[in-house]
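Chemist: Okay, here's the structure, questions in a sec.
The values are calculated or read from the model by the stated rules, or taken from the named source; none is laboratory data. Here the structure is a predicted model, which is why all the values come from computation and not from measurement. Calculation scope for accessible area: heavy atoms of the full protein, side chains included, ligands and nucleic acids excluded. Shrake-Rupley method; radii C 1.70, N 1.55, O 1.52, S 1.80 Å.
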Amino acid sequence: MKLATLKTADRDGQLIVVSHDLTLATKVPDIAHTLQQALDKWEKCEPALKTIYNELNAGKIKDNFPFDANKVHSPLPRAYQWADASAYVNHVQLVRKSRGVEMPESFWTDPLMYQGGSDSFLGPCAPIVLASAAWGIDFEAEVAVITKDVPMGISEAQAGKYIALIMLVNDVSLRNLAKAELDKGFGFFNCKPSSSFSPVAVTPDELKEAWDGHKVHLPLTSYLNNKLFGEPNAGVDMTFGFPKLISHAAKTRPLTAGTIIGSGTVSNSDRTKGSSCIVEKRMLETIENGKPSTEFMQFGDTVRIEMFDKQGLSIFGAIKQTVTQYEGPHV
């Protein structure tokens, strides 16, 4: 099943069901007006939504319209919680090395996770509006899950059953602001502006054999200015699967339905697959040549993030964004 949120005058938009091939959509106001409402009563809503989805794919829904990724929000325009991990520890090693910081051995056994801003997600085709290119603008291509209500203290073995939906992420990062923030010892804030998510979120069964209950075993493609930047496989070198990440996040508190858990930047030890963010490529250039040669994003640059199934069909639709200069008041 594939779900999206149509833009409306209401900031939370309107829930729509999208066809498997991403060509058609239909509204479902009799089931739930928003995706969050559906997640709040998921056990009741999921079967009803799945029935509509099957009928839409079979051509039995007459009240449909063409699906347009430019007309949707991220599946959740805002969320109660957005927690992003660094599940690809080989990537963490490189990034920390770029800041001249050693990585503790515990990072291989205990997930690294931060709580991001969740009140103002960007749409999948919305511009990335920032005040200064000197901040070191970077994209980060990731996979994320949306949870049902998760009880506190859930085990890794049980956490997988609380995954409702899967989607893609562009976790925008401002690299030149990160070190000063982290040196304060209190974590990310200014260096993590609004993230964006894929046009649709899908139930795990949509991924078929590519989903093993823990990881998505498909390449995640990133294009920078229409040139392939990377296509690492999201299921390779992921040190911690999503059930582990959910269990970690719920160690000391329950997670509300609609919580988003991100994988962190998808990264493979096989560097021939490219990278899912600029800072990783810059670090590899530094190791090889003594200095980086790839610049961070500038105003006017574009990024495209997408994942395809084995038949070449886009699963989640594409995140397509342009970096744009902010013209409002400056701090």
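Chemist: M152 to A48: extension gain in nm, 0.36 nm per residue of separation minus the Cα-Cα distance?
Modeler: Working: separation 104, 0.36 × 104 = 37.44 nm, distance 2.82 nm.
Result: 34.6 nm gained on full extension.
Chemist: Now a separate question. Relative to the present Cα-Cα distance, how much length would full extension add between E327 and D270 at 0.36 nm per residue of separation? Walk me through the numbers before you get to the answer.
Modeler: Working: separation 57, 0.36 × 57 = 20.52 nm, distance 4.10 nm.
Residue separation times 0.36 nm, minus the Cα-Cα distance, leaves 16.4 nm.
Chemist: Another one. Taking the alpha-carbon distance from K60 and a cut-off under 26 Å, which lysines remain once sequence neighbours fewer than 8 residues away in the same chain are dropped?
Modeler: K2, K7, K27, K41, K44, K50, K71, K208
Chemist: Which whole-Hz ³J(HN,Hα) couplings does region 198-206 yield from phi under the Karplus relation 6.51 cos²θ - 1.76 cosθ + 1.60, θ = phi - 60°, glycine and proline marked x?
Modeler: Coupling constants for region 198-206: 4, x, 10, 10, 10, 6, x, 5, 5 Hz.
Chemist: Okay, next question. Per DSSP H run of at least 4 residues, take -39500 (n - 2.57); add these up for the chain, divide by its residues and hand me the 222 nm value, nearest 500 deg cm²/dmol. Please report the intermediate quantities before stating the final value.
Modeler: Working: 7 runs with 65 residues, N = 331.
Calculated mean residue ellipticity at 222 nm is -5500 deg cm²/dmol.
Chemist: While we're on this one: If you roll a 1.4 angstrom probe over the protein chains with everything in place, what fraction of the accessible area of the chain belongs to carbon and sulfur, to the nearest %?
Modeler: Details: 7490 of 14720 Å².
Exposed carbon and sulfur together represent 51 percent of the surface.
Chemist: How much length, in nm to one decimal, is gained on full extension between K208 and Q298, taken as 0.36 nm per residue of separation minus their Cα-Cα distance?
Modeler: On the way: separation 90, 0.36 × 90 = 32.40 nm, distance 3.80 nm.
Taking 0.36 nm per residue and subtracting the Cα distance, the gain is 28.6 nm.
Chemist: Where the centre of each part is set by its Cα atoms, how far does region 144-205 sit from region 244-277, in angstrom?
Modeler: Value for the Cα centre distance between the two parts: 6 Å.
Chemist: Check cross-link reach from K281 to the lysines: straight Cα distance under 24 Å, and skip same-chain residues fewer than eight apart.
Modeler: K97, K179, K192, K215, K227, K273, K291, K320
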